[in-house]
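Read-outs: derived from the displayed coordinates by stated rules, not from any lab. Owing to the predicted nature of the structure, the values given are computational and were not obtained by experimental measurement. Glycine also receives a Cβ, built like all others from the backbone with ideal geometry; neighbour counts cover every protein chain displayed.
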Amino acid sequence: MRNEMNQTRRRYTREFKTETARLSERSDKTARQVAEDLGAPEKALHRWRSEMRISRRRGGRFAPGHGQARDEELERLRKENQQLRLERDILKKAIAFLTPRPM
């Protein structure tokens, strides 16, 4: 029991989760075989696949992990940031155009 407590939790990158979920859906192998081949827990693979299906139904981007609400907010903030940058650039151009130039 003591050895279990000293083990650190393995973290997987977003790319790994995404590609593993896609591979398991396309493959003729079972989820267990895919998980074993890639060294991922089978339960996690099932969760990633489920999250990917939910994301597809919602029309959003697949963001595996326990932070779905956080990921959705991050996506919203990125879009808002992009919009604000576009507006800023337009205003800079308008100021440059409307500012009188010395003769």
Counted neighbours (other Cβ, 10 Å), sorted fewest up, put LEU45, LEU23 in the order LEU23, LEU45
Final fewest-first order of THR20, THR8 on the 10 Å Cβ neighbour count is THR8, THR20
In order over the stretch 13-30: 3J(HN,Hα) from phi, Karplus 6.51/-1.76/1.60, θ = phi - 60°, whole Hz, x for each Gly or Pro, gives 6, 4, 5, 4, 4, 5, 5, 5, 5, 5, 4, 5, 6, 7, 6, 7, 7, 6
To the nearest 0.05, the calculated FRET efficiency linking THR30 and ARG56 through their beta-carbon distance, R0 being 30 Å, is 0.90
